[in-house]
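Inspection log for the structure reproduced underneath, given as C-alpha cells.
The values are calculated or read from the model by the stated rules, or taken from the named source; none is laboratory data. Quick caveat, the model's predicted, so the values are computed rather than measured. Cβ: placed from backbone, ideal geometry, glycine included. Neighbour counts: every protein chain shown. Heads up: the accessible areas ignore ligands, DNA and RNA and are worked out on the full protein's heavy atoms, side chains in. Shrake-Rupley method; radii C 1.70, N 1.55, O 1.52, S 1.80 Å.
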Amino acid sequence: MSVQLSPEQAAFLQGPVSINVSAVERDGWPCVTRAHGVIVARDRRALTILLSARRAHAVLHALDTGSGIAAAFTRPATHATLQFKAPRATRVTINAAHRRCNVAYAAAFAGEIGELGFDDDLVQGVVRLLTASDLVALRMVPEIAFDQTPGPAAGRMLATS
C-alpha cells in the first residue's frame, strides 16, 4: 500500500523547498543528507529523490543495508513542512529528466532564498552546491505522511496506507 499525495501536496514538493533525507545506520545512529530535487510520479504514489552520491554516502549505505527512509520538504519562506516515510528506497538509473529536475530545483531553491534577502554570493553558492554532477536517484513509495509545519499541528499524521 502507498499514500497518494494530493495535487496540492505534489505541487508543494516540486516547489522551492529544502529537502532532507534521512535513514538509520545498523548501529542505530541516524544519518541525514540534503536532497537535490524530487520528481513526483504521475499517480502521485511514488517519489524519486535526487542525491549527491558523495554527500549522501552515509544515507546511501544505510539504505543499502536495509534502513527505511524519511524525507522532509520545507518551504523556507513559510516553514511549511511535509514529511514522508517508507520502509525502503530503491536506486533507479539517472536519466535526462533527473538532470533537468536537478537544475530546475537548484534554481528554484536559490530564487526562494534570494527573495528572503540572502546575499547573492550565498545564493550562487547554493546553486553550485545543489547542481550535482554525481546524482543518484532513489525511488520511495511513502506509506505515511505527516504535517511537520511548526505550530500546534506539527506531527499530525496526514495519511497512512
## Note on the structure
Whole-percent carbon and sulfur contribution to the accessible surface of the chain (1.4 Å, no ligands, DNA or RNA) stands at 55
### Solvent-accessible ranking of M157, M140, largest area first, probe 1.4 Å
M157, M140
### Amide H contacts of L158 (H built 1.01 Å from N, under 5 Å, at least 5 apart or other chain)
A145, F146, D147
### Message
Give me a comma-separated list of calculated 3J(HN,Hα) values for segment 137-153, in order, Karplus coefficients 6.51, -1.76, 1.60 applied at θ = phi - 60°, integers in Hz, x for any Gly or Pro.
### Response
10, 10, 9, 10, 10, x, 10, 8, 10, 10, 8, 10, 4, x, x, x, 9
### Message
Not counting ligands, DNA or RNA, and with a 1.4 Å probe, what is E112's accessible surface area in Å² rounded to the nearest 10?
### Response
10
### Query
So who's got an amide H within less than 5 Å of the one on T131, skipping anything under 5 residues away but keeping other chains? H placed 1.01 Å off N, in plane.
none
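At 27 angstrom or more along the helix axis (alpha-carbon based) and mean Kyte-Doolittle of -1.0 or higher, what helices does the chain contain? Whole DSSP H runs only.
Working: long enough: 96-115 (29 Å, 0.09).
Within the chain the helices that satisfy the rule are 96-115.
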### Summary
Under a 1.4 Å probe, counting only protein heavy atoms, T93 has an accessible area in Å², nearest 10, of 120
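What are the semi-axes of the equivalent ellipsoid for segment 1-120, taken as the square roots of 5 times the Cα gyration tensor eigenvalues, largest first, in whole Å?
Those come to 23, 17, 15 Å.
Scan segment 80-161 for trypsin sites (Lys or Arg not before Pro) in coil per DSSP, keeping those whose Cβ has at most 15 other Cβ atoms within 10 Å, and list them by number. Before the final figure, lay out each step's value.
On the way: sites: K85, R88, R91, R99, R100, R128, R139, R156; in loops: R88.
The qualifying sites are R88.
Please work out the average accessible area per residue across the chain, using the 1.4 Å probe convention, and give it in Å². Intermediate results must be reported in sequence, preceding the final value.
Details: 8290 Å² over 161 residues.
Using a 1.4 Å probe on heavy atoms only, each residue of the chain averages 52 Å².
Taking only C-alpha pairs under 8 Å that are 6+ residues apart, what is the relative contact order of the chain in percent? Walk me through the intermediate numbers first.
On the way: 347 pairs, mean separation 46.3, N = 161.
Result for the chain is 29 percent.
For an R0 of 30 angstrom, estimate the FRET efficiency from the Cβ-Cβ distance between A96 and R54 and round to the nearest 0.05.
Numbers: r = 21 Å, r/R0 = 0.71.
Efficiency, rounded to the nearest 0.05: 0.90.
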